[in-house]
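Below is one structure; the comments refer to it alone.
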Amino acid sequence: MRPTTPAIRWLSIALALIAVAVGRALHAWQEPATSVLSHALHVVADAIPALPLAAVAVIGGSWIGRRSGIPRPVATAALLAAGLIPAAAMHEALALASASVHGHGGSEPAHAVSVAHAAGDAVPAFFAALAAATIAAGGPGRRRFRMRIVRVPRVRLALALAALAATLPVRMPVAAAAVDPFTRPLVIPAQLTGDDIAIEMREAEVQILPGRTTTMWTYNGTFPGPTIRRPSGRTTRVTFTNNLPAAAGSTTVHHHGNHSSSADDGQPASHLIPVGASRTYTYDFMEDGAPERAAFQWYHDHRMDVTGRNVWNGLAGMVILDDPVDAALSLPSGAFDVPLMVADRSFDEDNQLNYVFNPSGVRGNTMLVNGVVQPYFDVAGAKYRLRLFNASNTTEFTFAFADGTAMRQIATESGLLPAPVLRTAIKLGPAERAEVVVDFAGRAGKQIVLRNTTGFGGLRDVMRFHVGADVADPSVVPATLRPADPVPVPPITQTRLWTLTQSLAGDLVWSINGLPYDADRIDTAPLNPRLNSAERWIFVNTTPVNHVMHIHDVDWRLIRRISAEPYPDDALLAEQGLKESFLVRPNEVVEIVSRFTDHLGTYVFHCHVLEHEDRAMMAQFQVVP
Ligand code: C2O
Ligand code: CU
Ligand code: CU
């Protein structure tokens, strides 16, 4: 047998310490801890997949060392390196299977596919396991497999301490001054209602956290930008002026959910607004010869490659389109009609937004509602129309009241449902909206928390409603709202299959039918959709993570979802209305139909996880005569 020399022992300790440091750094970079408890649970969950790897490396390394004369730490390290890929795979499987235990980044780890992340997790956990095995077995070098717990040599003690350090919870420097939840009032963004609207994109100092203001890229100096509220069918011109710093570059504004002409749709690579320039977007708010359906929409930057950065920095605002059908229903209105833009962000020690592009998606650790951290909202004892909107780059939210208060969902992102749907939990992917009516009558003095039940730490509580005395409430929620299909769909003339794909060659790239976005390619050519024809589109998700497929120009009707994990009944009922963004889970098939009315020209469709979109998960269709 070949004794281990002191030099090799010290080398192995140094390697262990380096691995620990690298592992911790990778881990903290990927997933800032939201609380000590969530981090502790996380480390335990991480150590489980690392244990078999550690056992294989220790036993195998020892065996190989004995046979070959290769120093055991070297053999062990080689086995460790070879085992990292399967460990990473196991890690992801475990993370997906145990979202509730595994406190990833404040929300479900649906998009956690990064090998760097898994390596960051597995390396420190591996050394914890290795040290335990080493101590139990008597350590490398002599008298293997004899218990020597009483006289632990210095080398092994150091190794064990290093391993312990590896599993200690670390906390990333997050916002220096954290905000206590429910201490700040909800803010309702200002409304712009005229035929001609001017909005300036500019850098502004926004007070979000206590102390230093946050420098943001804004529409008119606020986050969210002003809410555009218009009667449908009335032509509206919105002039956007780009006065952002030069670093922002050219921008483009997409009115998300609207039936805009191709030129006014906020194209990602054309019709841009250079810094210093303006562009007027004209919206007639008409669809197929009639005013558009009332809907809760939004506007945001859509510049190719940097949409994630631009929206994260603040370029987003809401739109409310009203129409006589919606108004005639006597739903809660005025002060009882409340838009809620919910988005996660994170901040550095100087209270600045720290956007670091990550193709898996960028998540925050701080919950903002209309730009306010976990606000409270004083409500009267009456019915409220709450317009829930997930404006996050990546994070999915599941909205539910902590005390089980029921929500009657009345609308999707494309307007009113055929009938209200009783919900206790509503999951929304990025860009999705759901309008609900909640009745606070008879609950004076109660404080009711709205929660994101799939979130952790700072992303768990959304906001709190402080209920006051009952007031006269003339509003009603009728049993029928709006027919499911105001536009009869003619025979389907085309079925298109869109496979959601990814490639890991070098860097993670997302694609549709294997092709990353190309502004010069029309993905429906040569058989482009004909004006006024109806088509069936089928999305198939072959990747291991969720996507939210959003199609510009027209609204769609869900025909069916096919997946191993069925949607709950209430969620399926709530998808009976028209929609323009659809969550597509791994291995799921989503079939939708629509008809291409009014506008000719090129439009995009894409995943609305903004970093997936920026990393090319976007394609183009062209409506032809
Ligand atoms: Cu809200 Cu093409 O996006
Ligand atoms: Cu859109
Ligand atoms: Cu995606």
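The values are calculated or read from the model by the stated rules, or taken from the named source; none is laboratory data. Nothing here was measured: the structure is a model prediction, and the numbers come from that model. Neighbour counts are summed over all protein chains in view; Cβ atoms, including those assigned to glycine, are modelled from backbone coordinates with ideal geometry. Only protein heavy atoms, including side chains, enter the accessible area calculation; ligands, DNA and RNA are left aside. Shrake-Rupley method; radii C 1.70, N 1.55, O 1.52, S 1.80 Å.
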inquiry  = I want to confirm something. Restricting to the range 573-591 and keeping residues that are open to solvent by 60 Å² or more (accessible area, probe 1.4 Å) and under 23 Å from LEU422 (Cβ atoms), which single residue is nearest to ligand 2 (Cβ to nearest atom)?
reply    = GLN576
query = Quick one: ALA425 ticks every box in (1) more than 20 Å from ALA343 (Cα to Cα); (2) free of Cβ contacts under 8 Å to residues at least 40 places away in the same chain bar one, so which box is it?
reply = (1)
remark   = When every residue in the range 541-557 that is more than 16 Å from ligand 1 (Cβ to nearest atom) and surrounded by 18 or more Cβ atoms within 10 Å (Cβ to Cβ) is compared, the one nearest to THR597 (Cα to Cα) is ARG557
note = Inside the range 327-364, the number of residues satisfying the requirement of being crowded, with 19+ Cβ neighbours inside 10 Å, among the polar types (S, T, N, Q) and farther than 12 Å from THR214 by Cβ is 2
key: Options GLY211, GLY233: the member that is under 30 Å from GLY458 (Cβ atoms) and either away from ligand 3 (no atom under 16 Å from the Cβ) or touching a Gly at 6+ places or on another chain (Cβ under 7 Å) (or both)   = GLY211
task = Kindly provide the set of residues from the range 470-522 that are closer than 30 Å to TYR384 by Cβ, touching a strand residue (DSSP E or B) at 6+ places or on another chain (Cβ under 7 Å) and open to solvent by less than 70 Å² (accessible area, probe 1.4 Å), ordered by number.
result = VAL471, ASP473, SER475, VAL477, LEU481, ARG482, ALA484, ASP485
ask   = Residue check: is LEU572 over 20 Å from the mean Cα position of the chain (by Cα), under 15 Å from ALA431 (Cα atoms) and not aromatic (Phe, Trp, Tyr)?
value = no
ask   = Can you find even one residue in the range 317-339 that is farther than 30 Å from VAL477 by Cα, out of contact with any Pro (no Cβ under 6 Å at 6 or more places or on another chain) and away from ligand 1 (no atom under 16 Å from the Cβ)?
value = no
key: Out of GLY257, GLY249, sole residue that is open to solvent by 10 Å² or more (accessible area, probe 1.4 Å), at pLDDT 95 or above and within 12 Å of ligand 2 (Cβ to nearest atom)   = GLY257
message = Filter the range 387-441 down to the residues that are part of a loop (DSSP other than H, G, I, E, B), open to solvent by less than 10 Å² (accessible area, probe 1.4 Å) and of a type in the set (Gly, Ala, Ser) and list them by number.
response = ALA391, SER392, SER414, GLY429, ALA431
ask   = What number of residues within the range 582-625 satisfy the criterion of being of a type in the set (A, V, I, L, M), within 16 Å of ligand 1 (Cβ to nearest atom) and not in a strand (DSSP E or B)?
value = 4
query = Does ALA534 satisfy the criteria of being touching a strand residue (DSSP E or B) at 6+ places or on another chain (Cβ under 9 Å), open to solvent by less than 60 Å² (accessible area, probe 1.4 Å), closer than 24 Å to ASP264 by Cα and more than 16 Å from ligand 1 (Cβ to nearest atom)?
reply = yes
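Conditions tested, residue by residue: (1) out of contact with any Asp or Glu (no Cβ under 6 Å at 6 or more places or on another chain); (2) on the phi < 0 side of the Ramachandran plot; (3) touching a residue at least 40 places away in the same chain (Cβ under 8 Å).
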| position | (1), (2), (3) |
| --- | --- |
| PRO490 | yes, yes, yes |
| GLN494 | no, yes, yes |
| ILE512 | yes, yes, yes |
| TRP537 | yes, yes, yes |
| ASP555 | no, yes, yes |
| LEU572 | yes, yes, no |
remark   = Residues in the range 599-619 that are away from ligand 3 (no atom under 16 Å from the Cβ) and open to solvent by less than 10 Å² (accessible area, probe 1.4 Å) total 1
key: Filter result (of a type in the set (A, V, I, L, M, F, W, C) and either part of a loop (DSSP other than H, G, I, E, B) or surrounded by fewer than 22 Cβ atoms within 10 Å (Cβ to Cβ) (or both)) within the range 454-469   = PHE456, VAL467, ALA469
request  = Select from the range 365-378 the residues that are of a type in the set (Val, Ile, Thr) and open to solvent by 10 Å² or more (accessible area, probe 1.4 Å) and list them in ascending order.
outcome  = THR366, VAL372
ask   = Can you spot a residue in the range 442-453 that is outside any loop (DSSP other than H, G, I, E, B), surrounded by 13 or more Cβ atoms within 10 Å (Cβ to Cβ), modelled with pLDDT under 95 and in contact with a Leu (Cβ under 9 Å, 6 or more places away or on another chain)?
value = no
request  = Output the residues belonging to the range 479-496 that are modelled with pLDDT of 90 or more and among the aliphatic types (A, V, I, L, M).
outcome  = ALA479, LEU481, ILE492
key: Residue that is farthest from ASN313 (Cα to Cα), among those in the range 221-242 that are open to solvent by 30 Å² or more (accessible area, probe 1.4 Å) and assigned to a strand (DSSP E or B)   = PRO231
